[in-house]
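Student: Have a look at this one before I ask anything.
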Amino acid sequence: MTAEGIHRPAYVEVSSSAMAHNIAVLRSLVHDSKICAVVKANGYGHGAIVAARAALAGGADSLAVAIVDEGIELRENGFTTEILVLAEIDGAALPVALQYGLTLTIGSLAGAKETVGAAAKVGGSHKVHLKVDTGMGRMGVQPLEVTEAIRILHASEHIEVEGIFTHFPVADGASEEDRSFTTAQIELFNGIVEELTNENLCPPVRHLSNSAGAVAYPDAQQSLVRAGLALYGYAPSDWLVGKLAAKGEKLQPVMTIRAQVSAVRRVPAGSRPSYGRRRPVTKESLIATVPFGYADGFPRRFFEAGAEVLIGAKRYPLAGMVTMDQLLIDCGDDEIQRGDEVILMGTQGSETISAEEWAQRLGTITWEVMCGIGARLPRVATK
């Protein structure tokens, strides 16, 4: 396991109140549907344990992860709520997943057969959800194979087919093509549900919506929604920000990254701090060192991308190339002191640096930014 830097003044703050606010916003959109909080990838970088506790305390009904080991981590930290593994797992991992009481996803006929065999060996009763591929093209039973897959699962006395679901690839898209594609997915899924209902085979739990679907497609809401990005305070696209605003709602970022100035020094004009001596300072300047680097999720390309940090509610640029463990900040004429608080992501005074700003500078997406925050940073829950 990666050692946490508890003796270093840099950490990720996770706001429980912001998480509760975001869940309340989602609740206002999905009404009676249950909310499954997706805490895969170390809780989208927020820390799986901290994020899961905040989500359940804030009103989420269950949890979801991507891999078996993430589910085991939650179980071994005392979580007894239902935990859905969103991807189909192979035969070698099936017995341990069943022993830990994880709810498995079935995404193929072969997977259905393997799960039935593993459940017979482990014994007991085990919940599964069947995933249908309605257009994502990544994983899932083909629509024409759904009935066969359910019959395979129903044949086992050790399997409870609790749910059926699909996934939206472009529910965040504003284009007519994206909207038409998502609408077609909803119609296809509803048709499958109707056929299964007529044959008394339809599982009681049905879910289509991710965060984007929950905001943009009220007709897709069934008994459950899977809340990912919105849970952590960001809408998947500007189009969805507008849709939320039209409803009088706004999400609150859950993550703040805090550090402290660890050293200061004045350098003369023309000095070229850090590796590579890439750029001279234009005048005599105070350089502040911050104990945070690319090993913590602050990429080297931020130097060329013009990234900034907040100190004393003011933006300051990087003075040199990002290093593995530290940053050098050009504070100009200002009198910055060792121990001053530094905000790398979050709000200080009237200034805010968001995960969206990081993503724009890096030419990537908010999900990747948050998931890239280093494991050695402690995750600290706050109100």
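Student: Gln252 to Arg301: extension gain in nm, 0.36 nm per residue of separation minus the Cα-Cα distance?
Tutor: Here the segment from Gln252 to Arg301 would lengthen by 14.9 nm.
Student: If you place +1 on the Cβ of every Lys and Arg and -1 on the Cβ of every Asp and Glu, how big does the dipole about the Cα centre of the range 16-246 come out, in debye to the nearest 20?
Tutor: With Lys and Arg at +1 and Asp and Glu at -1, about 560 debye.
Student: What distance in nm separates the simple spin-label points at Ala245 and Thr352, each placed 7 Å from Cα in the Cβ direction?
Tutor: Modelled inter-label distance: 1.2 nm.
Student: Here's another thing I want to ask about it. For Thr382, project a label point 7 Å along Cα to C-beta. Then give me every residue of the range 332-365 with its amide nitrogen under 13 Å of that point.
Tutor: 341-349
Student: To the nearest 10 degrees, how steep is helix 16-30 against the longest Cα principal axis of the chain, on a 0 to 90 scale?
Tutor: 40 degrees
Student: Here is a follow-up. Would you work out if the range 255-353 is rounded, prolate or oblate? Take a ≥ b ≥ c from the square roots of the eigenvalues of the alpha-carbon gyration tensor; rounded if a/c is under 1.5, else prolate when a/b is larger than b/c, oblate otherwise.
Tutor: It is oblate, given that a/c is not under 1.5 and a/b is not larger than b/c.
Student: Next question, about the same structure. When a/c is below 1.5 the answer is rounded, else prolate if a/b is larger than b/c, else oblate, so apply that to the range 64-182 with a ≥ b ≥ c taken from the square roots of the Cα gyration tensor eigenvalues.
Tutor: oblate
Student: Right, here's the next one. Quick query: amide H of Gln260 versus all other amide H atoms, modeled in the peptide plane; which residues come in under 5 Å with a sequence gap of 5 or more or a different chain?
Tutor: Val342
Student: Then there's this: With Cβ to Cβ distances under 10 Å as the rule, what net charge do the other residues near Arg272 carry (K, R +1; D, E -1)?
Tutor: It works out to a net charge of +3.
Student: A further question follows. Using the beta-carbon distance between His31 and Thr183 and R0 = 25 Å, what value does 1/(1 + (r/R0)^6) give for FRET efficiency, to the nearest 0.05?
Tutor: Using R0 = 25 Å, I get an efficiency of 0.80.
Student: Right, another one. Quick one: helix 48-57 against the long Cα principal axis of the chain, what's the angle to the nearest 10°, folded into 0 to 90?
Tutor: With rounding to tens, the tilt is 70 degrees.
Student: Give me the one-decimal nm value for the distance between modelled label points at Tyr275 and Gln142, 7 Å along each residue's Cα-to-Cβ direction.
Tutor: Result for the modelled spin labels: 4.9 nm.
Student: While we're on this one: Between beta-carbons, use under 11 Å as the cut-off and find the net charge around Thr147, counting Lys and Arg +1, Asp and Glu -1.
Tutor: Within the 11 Å Cβ shell, the charges total -3.
Student: May I pose another question? Would you mind ranking Met139, Met324, Met370 by Cβ crowding within 10 Å, fewest neighbours first?
Tutor: Met324, Met139, Met370
Student: Please determine, in degrees from 0 to 90 and to the nearest 10, the orientation of helix 176-198 with respect to the longest principal axis defined by the Cα atoms of the chain, where the helix direction is its Cα long axis.
Tutor: 30 degrees
Student: Using the Cα centre of the range 14-119 as the reference point, and only Cβ charges (+1 on K/R, -1 on D/E), how large is the resulting charge dipole? Debye, rounded to the nearest 20.
Tutor: So the dipole magnitude of the range 14-119 works out to roughly 280 debye.
Student: Between the range 46-107 and the range 189-243, how many Å separate their Cα centres?
Tutor: After rounding, the separation between the Cα centres reads 20 Å.
Student: Right, next: Under the classification rounded if a/c is under 1.5, otherwise prolate if a/b is larger than b/c and oblate if not, where does the range 16-246 fall, given a ≥ b ≥ c as square roots of the Cα gyration tensor eigenvalues?
Tutor: Judged from the Cα gyration tensor, the range 16-246 comes out oblate (a/c at least 1.5, b/c at or above a/b).
Student: Which residue, chosen from Ser16, Gly111, Ala230, occupies the Cα position most advanced towards the positive end of the dipole of the range 16-246, where the dipole is computed from +1 (Lys, Arg) and -1 (Asp, Glu) charges on Cβ about the Cα centre?
Tutor: My answer, from the dipole projection, is Ser16.
Student: Evaluate the distance, in nm, between pseudo-label points positioned 7 Å from the Cα of Asp69 and of Glu335 along their respective Cα→Cβ axes.
Tutor: 5.1 nm
Student: Let me have the relative contact order for the range 77-121, percent, based on Cα pairs under 8 Å that are six or more residues apart.
Tutor: Worked out over the range 77-121, it gives 43 percent.
Only the coordinates and a few stated rules stand behind these numbers; no lab work does. Small disclaimer: the values here were computed from a predicted structure and weren't measured. So basically every Cβ, Gly included, is an ideal-geometry build from the backbone, and we count neighbours across all protein chains shown.
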